[in-house]
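For reference, the structure discussed in these notes is given below.
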Amino acid sequence: MKITKICCIGAGYVGGPTMAVIAQKCPDIQVTVVDLNEDRISRWNDPDINNIPIYEPGLGEIVAEARGRNLFFSTDVEKAIYEAQMIFISVNTPTKTYGTGKGMAADLKYIELCARQIAHIAKDDKIVVEKSTLPVRTAEAIKSILDNTGNGVQFQILSNPEFLAEGTAVPDLIQPDRVLIGGDNHSPEGQNAINALVDIYANWVSKDRILTTNVWSSELSKLTANAFLAQRVSSINAMSELCEKTGADINEVAKAIGMDSRIGSKFLKASVGFGGSCFQKDILNLVYISKSFGLNEVADYWEQVIIMNDHQKKRFSNNIVQTLYNTVSDKKIAFLGWAFKKDTNDTRESSAIYIANELINEQAKIAVYDPKVSEKQVLSDLDYLETRSPEHNRENTTAFKNPYEACKDAHAIAILTEWDEFTTYDWKKIYDNMQKPAFIFDGRNLLNGKALAEIGFVYQAIGS
Ligand code: NAD
Ligand code: UGA
């Protein structure tokens with residue numbers, strides 16, 4: 001089956017970039033990305049390419065090339081579903097905030113709504129692709145909803161999890177390590193559906209990197225990949241605390257172990273803790289699934305990755321308070337960075353939010369500068385925690401458009417995101433305008449500590 005019309009439900013961090021790349025690489029396929037969020041869709045359609053809702057290096061150019069040609073953004077979900085032969089579901093799957101599994105299980109209400117809408121609208125056979133990260137065996141639930149419509153339409157369900165990382169979404173999509181497609185490989189219809197999706201990716205990905213499996217392996221591989229990646233960060237962060245006690249240096253340790261080809265050098269950067277919308281959510285989901293099968297040891301093993309990460313965030317803020325003579329009350333603490341990593345405007349689950357929250361509890365005044373995050377977003381992230389009133393958050397938090405203003409008269413600077421531009425600042429000028437002693441807490445081991453100490457800063461990094 002040759003696919004000529006695709007629809008993607010969800011125009012977020014995954015749906016937007018993924019579909020933009022498919023549209024760019026497959027000019028013969030019409031790709032329509034739909035979302036209920038009108039503001040998001042109107043920003044995807046903004047004539048000024050700088051206003052698209054997601055900041056990713058290289059994405060603007062791709063959208064500019066394909067938009068209006070074979071890439072369309074729309075709020076007309078029903079029309080797009082009706083017309084498409086293949087429908088990607090790329091909606092959010094947050095951690096449940098209510099009921100059974102609260103705080104752990106994935107909330108599948110958005111997925112189910114999509115399935116029901118597809119079931120309601122479809123008048124011809126369709127391939128439905130799970131792009132969202134889902135608990136293993138979700139495809140079964142989707143299939144049961146779709147198969148009970150009684151209108152004779154045949155559905156094939158594929159799992160095609162996305163492995164892109166934010167900040168590098170475009171290169172990750174254009175040159176993926178692998179593309180994973182899970183489907184019903186025991187039936188001819190299932191195999192045809194798998195082949196149809198393989199053919200799309202084969203327009204730019206070599207076939208040896210396109211892996212096909214059964215649906216359950218595909219679903220579980222996605223959770224497993226994120227768990228392994230997050231576990232590496234927690235492992236190196238655990239060692240960073242031991243380094244601080246022993247005189248070892250975590251950067252040297254990371255280099256020494258990373259040169260072992262069995263361990264590998266990537267993802268060994270000690271930090272203030274991992275953030276982002278997925279690692280925590282996906283591991284909690286894995287913990288929940290394991291518990292639901294009575295696998296308590298498996299659940300405990302993975303939960304420890306989260307416990308370690310929470311500890312790393314907490315000890316970073318505790319250390320700031322202790323170093324500043326056990327009080328930060330009314331002291332200005334400048335935050336350089338708010339996004340959960342560089343080269344993205346995404347702040348979901350960013351460690352900066354939790355560290356700011358702890359310091360505001362200690363009555364600090366937080367001054368934020370992030371090249372891609374607005375004050376509105378910073379305040380909304382703090383309000384979302386519901387730890388205090390919005391007014392209280394506003395009294396204690398200000399965001400600046402200029403890093404030098406953010407750092408002026410500060411008692412301390414905390415580096416929370418590893419933006420390249422922070423290394424290029426005039427640190428002598430910043431030092432001259434700060435309270436003394438002037439402290440820097442480098443949560444990303446980004447800056448040159450020796451050079452900063454020579455200027456006069458008291459510089460502290462993670463794990464040394
Ligand atoms: P997101 O919140 O940025 O985007 C999801 C979008 O879906 C939102 O704009 C929302 O309005 C829309 N939506 C929800 N229900 C809808 C409905 N019924 N009809 C139409 N639109 C609807 O989320 P995201 O970061 O793109 O993540 C989506 C999925 O991909 C999640 O399962 C996530 O775990 C997974 N994932 C994310 C990343 C990442 O880097 N962010 C990477 C790999 C996988
Ligand atoms: C991660 C995975 O890398 C993607 O493969 C996956 O598709 C995605 O989650 C997802 O499912 O959402 P992402 O969260 O966008 O991607 O970014 P990462 O580069 O993985 O970083 C996650 C967090 O870990 C960031 O806060 C980052 O600063 C931190 N990190 C990462 C470290 O502290 N140290 C490292 O060595 C690496």
message: Being out of contact with any Gly (no Cβ under 9 Å at 6 or more places or on another chain), surrounded by fewer than 23 Cβ atoms within 10 Å (Cβ to Cβ) and aliphatic (A, V, I, L, M) is the requirement here; does residue 320 meet it?
response: no
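Out of 145, 87, I need the residue that is over 19 Å from residue 6 (Cα atoms) and out of contact with any Leu (no Cβ under 7 Å at 6 or more places or on another chain). Which one?
Details: 87 fails: over 19 Å from residue 6 (Cα atoms).
Of 145, 87, the one residue that is over 19 Å from residue 6 (Cα atoms) and out of contact with any Leu (no Cβ under 7 Å at 6 or more places or on another chain) is 145.
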message: Take residue 373 and tell me if it is touching a Phe, Trp or Tyr at 6+ places or on another chain (Cβ under 6 Å), surrounded by 23 or more Cβ atoms within 10 Å (Cβ to Cβ) and assigned to a strand (DSSP E or B).
response: no
query: So which of 229, 211 is within 16 Å of ligand 2 (Cβ to nearest atom) and not in a helix (DSSP H, G or I)?
result: 211
Options 200, 174, 181: the member that is free of Cβ contacts under 8 Å to residues at least 60 places away in the same chain and not assigned by TED's automatic domain parsing to the domain that holds residue 285: 181
Qualifying helices (runs of 4 or more DSSP H) (wholly inside the range 269-368; at least 3 residues being over 20 Å from residue 440 (Cβ atoms) and within 16 Å of ligand 1 (Cβ to nearest atom)): 279-292
- prompt: Which condition does residue 423 not pass, out of (1) under 27 Å from residue 56 (Cβ atoms); (2) in contact (Cβ under 8 Å) with a residue 60 or more places away in the chain, if it passes all the others?
  reply: (2)
- request: Take the range 78-91 and flag every residue that is surrounded by fewer than 19 Cβ atoms within 10 Å (Cβ to Cβ) and either more than 25 Å from residue 134 (Cβ to Cβ) or within 16 Å of ligand 1 (Cβ to nearest atom) (or both).
  value: 78, 79, 82, 83
- prompt: Hey, among the residues in the range 149-169 that are within 16 Å of ligand 2 (Cβ to nearest atom) and not in a loop (DSSP other than H, G, I, E, B), which one's farthest from the chain's Cα centre (by Cα)?
  reply: 159
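Name the one entry in 391, 418, 395 that is charged (D, E, K, R) and surrounded by 15 or more Cβ atoms within 10 Å (Cβ to Cβ). Can you show your working first?
Details: 391 fails: surrounded by 15 or more Cβ atoms within 10 Å (Cβ to Cβ); 395 fails: surrounded by 15 or more Cβ atoms within 10 Å (Cβ to Cβ).
Unique residue meeting the criteria: 418.
If you check 237, 285, 251, 296, which single one turns out to be more than 11 Å from ligand 2 (Cβ to nearest atom) and surrounded by 23 or more Cβ atoms within 10 Å (Cβ to Cβ)? Walk me through it before giving the result.
Working: 237 fails: more than 11 Å from ligand 2 (Cβ to nearest atom); 251 fails: surrounded by 23 or more Cβ atoms within 10 Å (Cβ to Cβ); 296 fails: surrounded by 23 or more Cβ atoms within 10 Å (Cβ to Cβ).
Just one listed residue meets the conditions, 285.
For the range 354-376, which positions are under 24 Å from residue 233 (Cβ atoms) and without any contact (Cβ under 8 Å) to a residue 40 or more places away in the chain? Step through it out loud before you land on a result.
Step one: filter the range 354-376 for residues under 24 Å from residue 233 (Cβ atoms), giving 354-359, 368, 370-373.
Hits for the range 354-376 are 357, 368, 373.
Do we have any residue at all in the range 54-62 that's in a helix (DSSP H, G or I), modelled with pLDDT of 95 or more and surrounded by fewer than 18 Cβ atoms within 10 Å (Cβ to Cβ)?
In the first step, residues of the range 54-62 are kept if they are in a helix (DSSP H, G or I); the result is 59-62.
Next cut, modelled with pLDDT of 95 or more only: 59-62.
Still in the list and also surrounded by fewer than 18 Cβ atoms within 10 Å (Cβ to Cβ): 61.
Yes, there is a match, as at least one residue in the range 54-62 is in a helix (DSSP H, G or I), modelled with pLDDT of 95 or more and surrounded by fewer than 18 Cβ atoms within 10 Å (Cβ to Cβ).
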message: Kindly evaluate residue 139 against the criterion of being modelled with pLDDT under 95, touching a helix residue (DSSP H, G or I) at 6+ places or on another chain (Cβ under 7 Å) and either under 30 Å from residue 28 (Cβ atoms) or assigned to a loop (DSSP other than H, G, I, E, B) (or both).
response: yes
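In the list 226, 185, which residue meets the criterion of being within 16 Å of ligand 1 (Cβ to nearest atom) and out of contact with any Leu (no Cβ under 6 Å at 6 or more places or on another chain)? Talk me through it step by step, then tell me what you get.
Numbers: 185 fails: within 16 Å of ligand 1 (Cβ to nearest atom).
The conditions single out 226.
Yes/no per residue for (1) within 26 Å of residue 347 (Cβ to Cβ); (2) modelled with pLDDT of 95 or more; (3) surrounded by 15 or more Cβ atoms within 10 Å (Cβ to Cβ):
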| position | (1), (2), (3) |
| --- | --- |
| 162 | yes, yes, yes |
| 166 | yes, yes, yes |
| 177 | no, yes, no |
| 198 | no, yes, yes |
| 204 | no, yes, yes |
| 222 | yes, yes, yes |
query: Restricting the range 79-107 to residues that are free of Cβ contacts under 8 Å to residues at least 40 places away in the same chain and of a type in the set (Val, Ile, Thr), which is nearest to residue 154 (Cα to Cα)?
result: 100
task: Quickly run through the range 323-343 and pick out the residues that are buried (at least 24 other Cβ atoms within 10 Å of the Cβ) and in contact with a strand residue (DSSP E or B) (Cβ under 7 Å, 6 or more places away or on another chain).
output: 333, 334, 335, 336, 337, 338
Those residues of the range 393-420 which are farther than 18 Å from residue 359 by Cβ and touching a residue at least 60 places away in the same chain (Cβ under 8 Å), in sequence order: 403, 418, 419, 420
task: Within the range 21-63, count every residue that is closer than 26 Å to residue 199 by Cβ and either among the β-branched types (Val, Ile, Thr) or away from ligand 2 (no atom under 16 Å from the Cβ) (or both).
output: 17
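Residue by residue, here is whether (1) over 21 Å from residue 175 (Cα atoms); (2) touching a residue at least 60 places away in the same chain (Cβ under 8 Å); (3) over 19 Å from the mean Cα position of the chain (by Cα); (4) crowded, with 21+ Cβ neighbours inside 10 Å holds:
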residue	(1), (2), (3), (4)
11	yes, yes, no, yes
15	no, yes, no, yes
20	no, no, no, yes
25	no, yes, yes, no
34	yes, no, yes, yes
42	yes, no, yes, no
47	yes, no, yes, no
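The values are calculated or read from the model by the stated rules, or taken from the named source; none is laboratory data. None of the values given here were measured: they were computed from a predicted structure. Heads up, the Cβs are rebuilt from the backbone with ideal geometry, glycines too, and the neighbour counts pull from every protein chain shown.
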